[in-house]
1. Thr259 is checked against (1) among the polar types (S, T, N, Q); (2) surrounded by fewer than 18 Cβ atoms within 10 Å (Cβ to Cβ); (3) at pLDDT 85 or above and fails just one. What number does that condition carry?
2. If Glu471 satisfies every condition in (1) of a type outside the set (S, T, N, Q); (2) closer than 29 Å to Ala182 by Cα; (3) surrounded by 21 or more Cβ atoms within 10 Å (Cβ to Cβ); (4) out of contact with any Gly (no Cβ under 7 Å at 6 or more places or on another chain) but one, which is the exception?
3. For region 316-335, give me each residue that is crowded, with 20+ Cβ neighbours inside 10 Å and in contact with a Lys or Arg (Cβ under 7 Å, 6 or more places away or on another chain).
4. Of all residues in region 421-456, which are of a type in the set (Gly, Ala, Ser) and under 26 Å from Lys377 (Cβ atoms)?
5. Within the bounds of region 367-387, is there any residue that is among the basic types (Lys, Arg), within 28 Å of Glu152 (Cβ to Cβ) and touching a strand residue (DSSP E or B) at 6+ places or on another chain (Cβ under 8 Å)?
6. Can you find a residue in region 436-449 that is within 24 Å of Ile272 (Cβ to Cβ) and under 22 Å from the mean Cα position of the chain (by Cα)?
7. Test of understanding: among Ser338, Ser347, which residue is hydroxyl-bearing (Ser, Thr, Tyr), buried (at least 24 other Cβ atoms within 10 Å of the Cβ) and either closer than 21 Å to Thr376 by Cβ or at pLDDT 95 or above (or both)?
8. Any chance region 447-469 includes a residue that's over 18 Å from Phe172 (Cβ atoms), in contact with a helix residue (DSSP H, G or I) (Cβ under 6 Å, 6 or more places away or on another chain) and in a loop (DSSP other than H, G, I, E, B)?
Amino acid sequence: MVIVIVTFTPIPNIDQLPQGLPPLLRSFFRRCIQTESEIRGRSKRKVVAFKVNAMASAIKQINYNKFGSVLSALQKSTPRNYYTYVREPAQPIKGKEPKWTTAKEAMVDLKSGNTVFVHGGAATPVPLLDAMSDFGKENKLKNVTVCHMHTEGNAKYHDASYEGIFRSLSFFIGGNCRKPVAEGRGDAVPIFLHEIPQVFYKGLVKPDIAMIQVSPPDEHGYCSLGTSIDCSRAGIIHSDIIIAIINKQMPRTFGDADTPLLMHGGNPPNKIESKIGQLIADNLVEDGATLQMGIGNIPDAVLTSLKNHKDLGIHSEMFADGVVDLVANGCITNSRKSAHQGHIVGSFLIGTQKLYDFVDNNPFIEMLRVDYVNNTKVIAQQPIMTAINSAIEVDLTGQVNSDSIGTKMYSGFGGQVDFIRGSAEAIDGKGKPIIALPSVTKNNESKITPILKPGAGVVTSRAHVHYVVTEHGIAELFGKTLRQRASCHAFKLARYKQIGRQQSLPVLKNC
């Protein structure tokens, strides 16, 4: 038996390590001794390292194979922060100020075969896209790829008359590009939201031009990407040319033209959505929980039902209007978060003017890169991480379809799996991965089905889902057999209600 005494004392530099350390140990402690100044480039705070007080002869007796596995586990469990994931500096370069021009004149460098990255969500630069569409047709360009996440507003280049000139490459399908994708004039990439930046870092997509929308520059020359950080930083820094609209109405957000921003929402939840929201708030959301919620009426209904909760936090790829009132009422404080304590963390947002006014120049809000925000290891660090996501369809075993209606592509993977996994793997063991949806469509077709529609894609596997909530109740699936899941009261009730409307609904055998 070898006894190694470990004491927790600071070591200011690598030279003070005990002599005789094997290379593996020395490499490990070199990593521990890294200072934040090495990581961040400006902080002088030192990271406390471990000092091993042991004789070299004893160290030589360590079983290196076993130690290697322990070291690997230690490295994987090392706490990470935002700066672990930042890949590039952000500093204006003197003498390389941008040129001011018109949207039409800015298209002069667009050529056939180019790839264009487009800012998404509320930041979609519609005037630039209009100018791009006109320029492409007038100059008879061919095979220009336009890559983007979810975009809003008018998109002329999606029209059939632009076929052969432009082709959309979507990482998450928005309403304005569903038709070209369905008709074969556009492409969709099945991909987790947090992995989209890797497409640019690995050179799988190399943009020639980035078209974005930013806030006016501050006194130091910095512009803000405002409402949509997500994968935009990765797309921008890998583009040869950046064309930006300066928009006075773009809110300045912290972290990483004068036309109204594109808006979303404003319609109150209906009775079914409100009931689902109340069920989740009353039964699954605890005081002190960190929340992730997507866009739509069900997430808004949940937020509306949280008025009596305390010390809630937000760590979410996106958020909408529902958080504003909860912040004002003191329900959302972010005081119990383990990372970014005291701050709402997001990567993009879209809502009404109320939301944009709330986030503008607000240090309470941090908008960060999606490969950090949606990293499952980062998500898992948050206390009582509660992820609430919706779906198109769920089968009786718990398989979740969120991106297609049968074979017809509708949206994309988005961040659902990132947060479902992150909450399921929460280090405090209190995470809650939740799928919420009405039991029927507007046409009274069941959304809780024995099997998914032919051709429907499984976005979230049945192993990841812990809770499925409809207006009829909560189905707790974690640890349940397939037979138990199919027999779940909430599932059965949703199906029986539907059978009353539609006698032809198939019934799963042996359940």
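The values are calculated or read from the model by the stated rules, or taken from the named source; none is laboratory data. These numbers were taken from a predicted model, which means no experiment stands behind them. Note that we place each Cβ from the backbone using ideal geometry, even for glycine, and neighbour counts take in every protein chain shown.
1. Thr259 satisfies every listed condition except (3).
2. For Glu471, the exception is condition (2).
3. If the condition is that a residue be crowded, with 20+ Cβ neighbours inside 10 Å and in contact with a Lys or Arg (Cβ under 7 Å, 6 or more places away or on another chain), then Asp321 is the only one that fits.
4. Gly422, Ser423, Ala424, Ala426, Gly429, Gly431, Ala436
5. Looking for residues that are among the basic types (Lys, Arg), within 28 Å of Glu152 (Cβ to Cβ) and touching a strand residue (DSSP E or B) at 6+ places or on another chain (Cβ under 8 Å), one finds none in region 367-387, hence no.
6. yes
7. Ser347
8. Among the residues of region 447-469, at least one is over 18 Å from Phe172 (Cβ atoms), in contact with a helix residue (DSSP H, G or I) (Cβ under 6 Å, 6 or more places away or on another chain) and in a loop (DSSP other than H, G, I, E, B), which makes the answer yes.
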